[in-house]
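The values are calculated or read from the model by the stated rules, or taken from the named source; none is laboratory data. All of these numbers come straight from a predicted model, not from anything done at the bench. Backbone-built Cβ (ideal geometry, glycine too); neighbour counts: all protein chains shown. Ligands, DNA and RNA are stripped out before the accessible areas are found, and what is left, the full protein with its side chains, is counted by its heavy atoms. Shrake-Rupley method; radii C 1.70, N 1.55, O 1.52, S 1.80 Å.
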Amino acid sequence: MKIEQCSFSGFKIYPGKGKLYVRLDSKVFRFVSSKNESLFLQRKNPRKIAWTTVYRRVHKKGITEEIAKKRSRKTVKHQRGIVGADMASILKLRNQKPEVCALHIQ
């Protein structure tokens, strides 16, 4: 048992229900009702018709508060100096050649 989806409204179409519309370029459209088919043939935009699932998705209707508020923080990299050495001196040592740097460490 395969449940199809309406090409216009996004509603579920159960077996034995709905209409199948095949365009001249062999593209198949499935509709729950004649209302959906009629609006599709009138070339109406489902994003502008309030009862379609596409409209609800675009306008963020019916989303629970938990999902809507779930936003992750972006990590921000900071370079901090170590106790006893400021950031400028650390960067200066890092950019030196390995031989020169080895002399400072000893």
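When both residues are 6+ apart or on different chains and their Cβ atoms are under 7 Å apart, which pairs have a first residue that lies in the range 41-62 and is at negative phi, and a second that is exposed (fewer than 10 other Cβ atoms within 10 Å of the Cβ)?
Hits for this filter: 56/62.
It is to be established whether one or more residues within the range 35-50 are open to solvent by 80 Å² or more (accessible area, probe 1.4 Å), closer than 28 Å to residue 1 by Cβ and at pLDDT 95 or above. Outline the logic, then answer.
Narrowing the range 35-50 to residues open to solvent by 80 Å² or more (accessible area, probe 1.4 Å): 35, 41-44, 47-48.
Now narrow it down to the ones that are closer than 28 Å to residue 1 by Cβ: 35.
In the following step, the residues that additionally are at pLDDT 95 or above were identified as 35.
Yes, the range 35-50 has at least one match.
Determine the pairs where a residue that is over 7 Å from residue 32 (Cβ atoms), located within the range 1-17, has a partner that is assigned to a loop (DSSP other than H, G, I, E, B) and among the polar types (S, T, N, Q) with Cβ atoms under 8 Å apart, the partner being 6 or more residues away or on another chain.
That search, which allows pairs on different chains as well, returns 8/52; 10/52.
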